[in-house]
Structure formats: structure tokens, C-alpha cells
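In what follows, a structure is listed as C-alpha cells, so that the remarks can point back to it.
The values are calculated or read from the model by the stated rules, or taken from the named source; none is laboratory data. Predicted, not measured: the structure shown is a model, and the values here were computed from it. Reconstructed Cβ throughout: ideal geometry from the backbone, glycine too, with neighbour counts over all protein chains shown. Note: areas computed on protein heavy atoms with side chains; ligands, DNA, RNA excluded. Shrake-Rupley method; radii C 1.70, N 1.55, O 1.52, S 1.80 Å.
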Amino acid sequence: MRIVNDIAVALATYLEEDTSDVVMNLASPPRPEMGDVAFPCFRLAKRFRKSPHDIANNLKKHFEADECSDTVELLTKIDRIETAGGYLNFFIRRDFLAQSIMRESIESGGRPGKSCEGEGKTVIVEYSSPNIAKPFHVGHGFSTFLGEAIANLYEYAGYKVERFNHLGDYGTQFGKLIVAWKLWGDIDALEASPIDELTRIYVKFHDVAETKPELEDEARAAFGRLEQGGKEETTLWQRFRDVSLREFNRIYERVGIHFDNTNGESFYSPLIAAVVDELEKKNLLVESDGAHVVNLEEFDLNPCLILKSDGSTIYASRDIASIFYRRREYNFDRNIYVVGIPQKNHFNQVFAVVEKMGFPNPESNVHVAFGTVKFADGAFSTRTGNVIILEDLLDTSVAKTRAIIETNNPTMEPSEIDGIAEKIGVGAVRYTFLRNGRERDIVFSWDDVLDFEGDSAPYLLYTVTRCVSLERKAPESLLERADNISDGELGLLVSDEEQELLKEISRFPHSVLSAREAHEPSVIMRQIMAIARSFNTFYHNAQILRAENEALGAARLVLAQAVGRTISAGLRIAGIEPVEKM
RNA sequence: GGGCAUAUAGCUCAGUUGGAUAGAGCAACAGCCUUCUAAGCUGUCGGUCGUAGGUUCGAGUCCUACUAUGCUCGCCA
């Protein structure tokens, strides 16, 4: 809020400090009855050789006696100033607070906290990145939903975003699949349910390889032939890839995610030779135990393996090649990898290698790491079939949502229920991946994901429907008055609960900024949750459409509209589409 | 063994650049639907912030050591 800055300017003058330093020190008191803006005076005690309490009192006197026109103007917006311990607490006039927050909200419309900082800049966000021929489980859901939210955040700030899906479509595992397919593949099963069939033979491969380790050698050989362009291997690989993509695309379509680039590892593989040349030219490649590595002691990292001892490539070399490719083709300002924490070391190495190769702005490559989804007794494992398929989770969540709607809203048309249940059910799942700090592991629990009360997407969506419903039911005259609301009417929002709600709304734009800077959508989720809780308390205690008088009713309706707009904006950044009824 | 994380209420988690009495949700218990949607609201219960030191006017937050857990450390991705 501007007034916070105005207060800082005045304080900075008295203290002969930079305004920005004072702004840094201004804080929100822990409880509303202590004021709206607080200035702690403790750190000034040494300089003035006085107690913080006395300094606060002196500042208060300065403030109230100041005849500078700006300060006089400022004081008309301040109800009173109090000192408490070493704190100087400002109480902003409630009517002014309501006006200024609501005007700002109305002006920002449906995109509060938007910005144009990214104008003309390009950001690549790589996320989802499932492995071909393997089930799309809830672990991939984490990367998919987190990555989409981060991509949305950059778009919200005006960046041009390129969504990359770095498909895991290469490597020794495909040798295994080719060998397994030739031994046990069932063409009809592949057509009917591709991932299930590929998983079946993949699991069987590992079972049998326990007793017949020579299968592993056959698999390496098969991948070798694939890399050399062997006809039979390439045909099979292409087929596995196609059927897998069909399944993945069904999921992406369902959750409304569309990638701009789906080049997988196979795409980058042919580009590695040039990287190796470059490394050799710069004398960075060192032979070690028959393999070729880049030493990274100066980064306090272990050597990065570039070529295996048999001369074939490895994932680090593919990632390095991809960075140069992306630089060349997209000239990105930032290149973001939404990939799990276990690959932290890998990305540190990859980024260090490109830096050593003279990559400009190496810090533009960022690994946005996230935690592991696992069961209480350990991690997911495709090999043992111990996973939760994302689609199954979505289906279960949607089914539960539908059952609740049918109970609560028996008159709703079945066709309408379908659409709404899908949005809420999918939204509930997405929210569970975005509500907490991304680096936390998630221990999967059906009860937890399917809990639609309290800290959940349905709670947020429910709050939005309340706001929308008010608008739907408001009489024409009230709506008209709300559309042309005056400052005087907005100034009626002075109750404790209205003021609390206003302050929560005013914090939303900053949460968007913090979320983007930290690549942490959870910051926004928490803020809209705070708005929702605050609104529901207000809604429960105050009459809106039947307020004591029409002026107050109109002001409250405008407040509810702001709540709906702001929560919806936050949900959309998270990829969750609001509904009007539920 | 080296490196990187994490440790806050019974459970899942927040906690701004160090600031006032550490907060939510879930669970448990007690209430609130003839009133704008009860997927809601109100209240109660619940804490040596892993341990021990240190820095500071002030530490959940910063520093050091230790403990526990997880991940990672060249020929998988």
C-alpha cells in the first residue's frame, strides 16, 4: 500500500536514513488491535543512546507536530499512533483503508498482482517429463502440476513461456524393453492397454534377469543397435513411443496442459558429438577408467561423466547438449528444470560443465527441485508395480466429488454435475501438490488427498461459489449500485471482520511476486486460503444482501466480488478452474 | 566417509530481511442449518520449536558441534 511508503518517507526524514531501509523495517503487528503498521525502534537504541521506548515516543511526537504538508496530508489518513514497548504503531483510518484496498482491487480486475516485468523475455520451463513405456503415476503428477503452475506464474508476469516436456525416451531401459518384447510381447494387449503391457514385460524382464543376468548384456547390446539406427530396434522403439504418447496426451488433455516442445532425450542424443568436440577443443575432457569426464573440483563437485567407457552417451551429456540447443533456438532468459530433488547433484554438475565451457549467464539455468512422492513404507517402484496411477487418483477424486454434489444438490442436472465434478475432483488433486513447500516429500495417503474439508481446493472453490452466488441473487438495484460504488460507500467497510478481510486481499499481489521469485506456488495458495477463511467468517456473521441499508449492502457485495476475483486468480495460476456452483 | 536436504501440537504443515503472547488444517471433544450454499461457522484440548553451546537489546529464524531421517557421490535416468 502507498500509505506504508508515505509513513516510511516521514520516518526516514526524522531518522536521516534511506526510505528503503525504513521500509525494510516496517512490519505488521501480530494482532489487529495493535495497529496496522509497526516500526520497531530497538536497533536505534545504540545510535541515540536512549531506550527503544523513548525513541518510539519521540518519533510519535515528531510525527504529530510535523507541519510539512506531506505529513499533514498523511495524518488525515491515520487514526492514531501508539507506542507499545519499543514499537511505534500506526492505526490507519478504517474508511481510508477500505477505499484504497478496494480501489486497487477493482482496478486490477481479474488479474490482481499481474506485472509486466517479463515483457520481451523468454522462459523455458521443463516439467512433467515422464518415461516412455512406464506408468504415469502421481510422482509425475507432482512435476506436471508444479511445473504448470510455475509456467503460469511467469506468464502472469508477462514472460513468454515455452513449456518443455523432456520425454524419457532413450537409454538402456529401451534395450531391456526390446529384448523383453521379443520374448514375451503380446500385440493385442499392447493395442488395448499399451502402458500396462509394456510395464508387464518390463517387470518380467527384471524378474527373469535375476536368474539369467545375461539378459542385461542383451539389453545393452539392443540399445547399442538402437543408437546405431538398427532397423528392427528403431521400429519397435518408435512403436513404444507412439503408444505411450497417446496415453500421456490423454492425461494432458484432461488436465488442460499443452506443451510447446516435446523433444525427448532421443532428440538431443545426436547433438552430443558437437558438445564432445567442444569439450575436447577446450581441453576439458579427461580420461578416467576408460570413461571421459569433466573435472569440477573448483565447483566442489565430483567429476561429471560425459562418455561411458564403451563410448556411448549418458544423460548428463544429453542435458548439456539440450542447454546449448535451447540457447541457440530460443535465446532464453531463464531455463528452468522442474525435476525431483534426487537429481540436484546431477544438475549442479551439468550447470557447472556448461559454465566451464563458457556459457553466458550460467545462472539462468535453474533447477526447481521438488520432493518425492512415496508410501509410508518407501518409494514408488514401477518394477514391483507399487505405484498409484495418476488417472486412477483423478477418477477416484472426481467420483467422490460427484457423490457429494448428488447429496448436497439433488436437483442439479447430471450433465452439469459431470463438468463440475471433473473440475473440483482434478482441482483437489492439483492442490495437494501445490499447498506445501515444494521440497517437502509427500507421503501418499488416500484419506489425505480425498479430504475435501479445511485446507483443500474444494474449500477454496466453495468460497468462490458463495461469492458468485451472492452476485446471482442480488437484486438489480444493488448490483447497479455496486458497479458504481463510491468512496463513501466503500468507507463503510469498517468492522473488524471486514478490515481483516481487506488486509488479506491486499496481501495477494505481493504473494504472487514472492511465489514467482521463489518458484513456490504454495505462497499464493496460502494467501488465497487466508482470504477464504477470513471471508467465510465474515460471511457467517454479516448480512450482505440484507444489510442494514443498501449502501452497506453494496459495499459488502463489492467486497465479496473482490474475494471471488482474487481467489479465482490464485486458483487459475495453480491451474485450477473455478466453478460457479457446487 | 564426502556433499545436499529435513527436524515446530497426536498427524500434515505455515512461520517474512532475527522482533511483541509460535499459527493453520486434520484428528478428539462441545455447540450452530425455518436466515445470502453446513464442502461452512464458533469454542475447548493440544508446544522444553531434535539436543547442547554461541552471537544479539531480542533466536523457531543466524553460527558451531552433535543426534536422527532422507537423498546423492562415473559408466541407470
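Distance between the pseudo-spin-label points of A:Lys281 and A:Glu232 (7 Å out from Cα toward the beta carbon): 4.0 nm. The packing ranking, built from the mean of other Cβ atoms within 10 Å per residue, places the peptides A:503-516, A:179-192, A:413-426 in the order A:503-516, A:413-426, A:179-192, highest first.
If both residues of a DSSP beta bridge must be in the stretch A:47-176, then about 50% of such bridges are antiparallel. A 31 angstrom limit on the alpha carbon distance is what I want to check against. Which of A:Lys182/A:Lys374; A:Lys121/A:Lys231; A:Lys121/A:Lys356; A:Lys204/A:Lys308; A:Lys114/A:Lys356; A:Lys121/A:Lys176 exceed it? Over 31 Å apart, Cα to Cα: A:Lys182/A:Lys374; A:Lys121/A:Lys231; A:Lys114/A:Lys356; A:Lys121/A:Lys176.
Taking the mean number of other Cβ atoms within 10 Å as a proxy for protection, how do you rank A:246-253, A:122-129 from highest to lowest? Intermediate results must be reported in sequence, preceding the final value.
Numbers: A:246-253: 14.9, A:122-129: 24.9.
For the peptides A:246-253, A:122-129, the packing ranking is A:122-129, A:246-253.
Entry note, chain A: relative contact order of 15 percent, from Cα contacts under 8 Å with a spacing of 6+ residues. Since only A:Tyr156, A:Thr13, A:Phe351 are under comparison, the one whose Cα sits farthest along the positive direction of the charge dipole of chain A, derived from C-beta charges on Lys, Arg, Asp and Glu, is A:Thr13. Kindly identify the stretch A:390-573 as rounded, prolate or oblate by the Cα gyration tensor criterion: order the square roots of the eigenvalues as a ≥ b ≥ c, call it rounded if a/c is under 1.5, otherwise compare a/b with b/c, prolate if a/b is larger, else oblate. Judged from the Cα gyration tensor, the stretch A:390-573 comes out oblate (a/c at least 1.5, b/c at or above a/b). Note on A:Lys50: no aspartates and glutamates have a C-alpha under 14 Å away, same-chain residues under 8 apart excluded.
Which value in Å is the Kirkwood Rh of the stretch A:450-529 over different Cα pairs? Roughly 15.1 Å, rounded to one decimal.
Evaluated over the Cα positions of the stretch A:248-380, the convex hull gives a direction-averaged projected area, one quarter of its surface, of 10.6 nm². The alpha-carbon of A:Lys473 sits under 26 angstrom from the alpha-carbons of these lysines, leaving out residues fewer than 8 places away in its chain: A:Lys423, A:Lys581.
Remark: the stretch A:172-255 is approximated by an ellipsoid whose semi-axes, taken from the C-alpha gyration tensor as √(5λ), come to 23, 16, 11 Å, largest first. What accessible surface, in Å², does a 1.4 Å probe find on A:Leu74, ignoring ligands, DNA and RNA and rounding to the nearest 10? My reading of the accessible area for A:Leu74 is about 10 Å². Solvent-accessible surface of chain A, averaged per residue with a 1.4 angstrom probe and all protein chains in place: 46 square angstrom. Ligands, DNA and RNA left out, the accessible area of the stretch A:2-92 computed with a 1.4 Å probe is 52% carbon and sulfur.
Where the convex hull is taken over the Cα atoms of chain A, what is its projected area averaged over directions, in nm²? Numbers along the way, then the final one.
On the way: hull surface 134.1 nm².
Result: 33.5 nm².
A simple spin-label model places the labels of A:Lys61 and A:Asn409 6.3 nm from each other, with each point 7 Å out along Cα-to-Cβ. Taking Cα centre as origin and charging only the Cβ of basic (Lys, Arg, +1) and acidic (Asp, Glu, -1) residues, the dipole magnitude of chain A rounds to 380 debye. Taking the DSSP bridge list for chain A and keeping only pairs wholly inside it, about 55 percent are antiparallel. Fully extending the segment from A:Glu73 to A:Asn5, taken as 0.36 nm per residue of separation minus the present Cα-Cα distance, adds 23.1 nm. Surface composition of the stretch A:172-255: carbon and sulfur make up 49 percent of the accessible area, probe 1.4 Å. Here A:Ala221 and A:Val443 are evaluated by their C-beta separation; at R0 = 45 Å the FRET efficiency comes out at 0.65.
With the simple model of a label 7 Å out from the Cα in the direction of the Cβ, A:Ser381 to A:Arg250 spans 2.8 nm.
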